[in-house]
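Only one structure is covered here, and it is reproduced in the block below.
The values are calculated or read from the model by the stated rules, or taken from the named source; none is laboratory data. As the structure is a prediction and not an experimental result, all values here were calculated from the model. Neighbour counts run over all protein chains shown; Cβ positions are idealised from the backbone, glycine included. Keep in mind that these areas ignore ligands, DNA and RNA; they rest on the heavy atoms of the full protein, side chains included. Shrake-Rupley method; radii C 1.70, N 1.55, O 1.52, S 1.80 Å.
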Amino acid sequence: MIYVIGIGPGGEESITPRALNAMKSCEIIAGYTKYINLVRDLLPGKGFISYSMRHEILRCHDALMISRDFNIDIALISSGDSGVYGMAGLMLETAKNSGEKIIIIPGMTAANSAAAVLGAPLMNDYVNISLSDLLTSWEVITKRLIAACTGDFVICLYNPASNNRPEHFKRACKILLEYKSPDTPAGFVMNSDRINEYHEIMTLGEIQDCKLINMSCLVIIGNSQSYILDGQIITPRGYKL
């Protein structure tokens, strides 16, 4: 049996009891090395298989082979939720027509974790958009950014910038500023729910030049109703106070 498990943003307290119990029921835990290191101390006696980045397909094939050929329960872990930029979809596609049982265990997303740090920015409709163009073209990403703006959604930006694409975040902000006010509340959380967590709240006009934005950050851009109160972003739900 294969369990595809979301372990949350990184902190031990954010791993759900269901996710932890599922990992404890498995003989082997497999995943990206960074995520394996987050759970290793919680699972003494387990076997671990660590992978570098960009080996997602291999992870799924190995999990299927181990479960099918050796009759061993294996946990394939992702940070956040396994169905949000995680391994759930790819594992289901890999196991197609195999007859193998796949159980998907949800987890707290980076968007949810970061939102709690920044205040209450996701109280109304919002979208998640990844700025990584490894699997999605920049043309499509641009269309999604524009659509989110015209719909006045709060926008959560995953994978905002990396060493290989340092300008993607600034390019995205330039697009957003064509539709949103530069005074729109914005914020980022780096290493959410981990020991070295750090966050800042500012405006969209200011955040475009922030030098701290990297792959460890989740960025949230408010909608036209969002505002900053006592150092926190609030997006009204629409209640009449």
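Please indicate, with yes or no, whether at least one residue in region 135-142 is within 20 Å of residue 81 (Cα to Cα), open to solvent by 80 Å² or more (accessible area, probe 1.4 Å) and of a type in the set (A, V, I, L, M, F, W, C).
Going residue by residue through region 135-142, those that are within 20 Å of residue 81 (Cα to Cα) are 135-136.
Applying the additional criterion that residues be open to solvent by 80 Å² or more (accessible area, probe 1.4 Å) yields 135.
Narrowing further to those that are of a type in the set (A, V, I, L, M, F, W, C): 135.
Within region 135-142 (the criterion being within 20 Å of residue 81 (Cα to Cα), open to solvent by 80 Å² or more (accessible area, probe 1.4 Å) and of a type in the set (A, V, I, L, M, F, W, C)), the answer is yes, since at least one residue qualifies.
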**Asked** With respect to the numbered conditions (1) open to solvent by 80 Å² or more (accessible area, probe 1.4 Å); (2) more than 21 Å from residue 9 (Cβ to Cβ), which one is the sole condition not fulfilled by residue 182?
**Response** (1)
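Would you call residue 198 at pLDDT below 95, among the aromatic types (Phe, Trp, Tyr) and more than 25 Å from residue 83 (Cβ to Cβ)? Break it down into steps so the answer makes sense when it comes.
Details: at pLDDT below 95: no; among the aromatic types (Phe, Trp, Tyr): yes; more than 25 Å from residue 83 (Cβ to Cβ): yes.
When the stated conditions are applied, residue 198 does not pass them.
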**Fill in**
Every listed condition ((1) modelled with pLDDT of 95 or more; (2) under 22 Å from residue 123 (Cα atoms); (3) crowded, with 22+ Cβ neighbours inside 10 Å) holds for residue 169 save (2)
**Prompt:** Out of (1) open to solvent by 50 Å² or more (accessible area, probe 1.4 Å); (2) hydroxyl-bearing (Ser, Thr, Tyr); (3) under 21 Å from the mean Cα position of the chain (by Cα), what's the single condition that is false for residue 162?
**Reply:** (1)
**In region 194-207, residue nearest to residue 155 (Cα to Cα) [restricted to those that are touching a helix residue (DSSP H, G or I) at 6+ places or on another chain (Cβ under 9 Å) and open to solvent by less than 50 Å² (accessible area, probe 1.4 Å)]** = 204
**Unmet criterion (only one of (1) modelled with pLDDT of 95 or more; (2) within 21 Å of residue 81 (Cα to Cα); (3) of a type outside the set (D, E, K, R); (4) surrounded by fewer than 17 Cβ atoms within 10 Å (Cβ to Cβ)) for residue 154** = (4)
**Prompt:** Which of the residues that make up region 117-160 are under 21 Å from residue 215 (Cα atoms), out of contact with any helix residue (DSSP H, G or I) (no Cβ under 8 Å at 6 or more places or on another chain) and part of a strand (DSSP E or B)?
**Reply:** 154
**Message:** So residue 223 ticks every box in (1) surrounded by fewer than 21 Cβ atoms within 10 Å (Cβ to Cβ); (2) among the polar types (S, T, N, Q); (3) over 24 Å from residue 139 (Cβ atoms) but one. Which box is left unticked?
**Reply:** (1)
**Asked** Any residue at all in region 63-82 that is free of Cβ contacts under 8 Å to residues at least 12 places away in the same chain and closer than 23 Å to residue 195 by Cα?
**Response** no
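Can you pull out the residues in region 117-134 that are hydrophobic (A, V, I, L, M, F, W, C), closer than 24 Å to residue 237 by Cβ and open to solvent by less than 50 Å² (accessible area, probe 1.4 Å)? Write out each step before concluding.
So the first thing to find is which residues in region 117-134 are hydrophobic (A, V, I, L, M, F, W, C), and the list is 117-118, 120, 122-123, 127, 129, 131, 134.
From what's left, closer than 24 Å to residue 237 by Cβ: 117-118, 120, 122-123, 127, 129.
Of everything in region 117-134, those that are hydrophobic (A, V, I, L, M, F, W, C), closer than 24 Å to residue 237 by Cβ and open to solvent by less than 50 Å² (accessible area, probe 1.4 Å) turn out to be 117, 118, 120, 122, 127, 129.
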**Message:** Among the residues in region 62-74, are any over 17 Å from residue 101 (Cβ atoms), touching a strand residue (DSSP E or B) at 6+ places or on another chain (Cβ under 9 Å), modelled with pLDDT of 95 or more and of a type in the set (Ser, Thr, Tyr)?
**Reply:** no
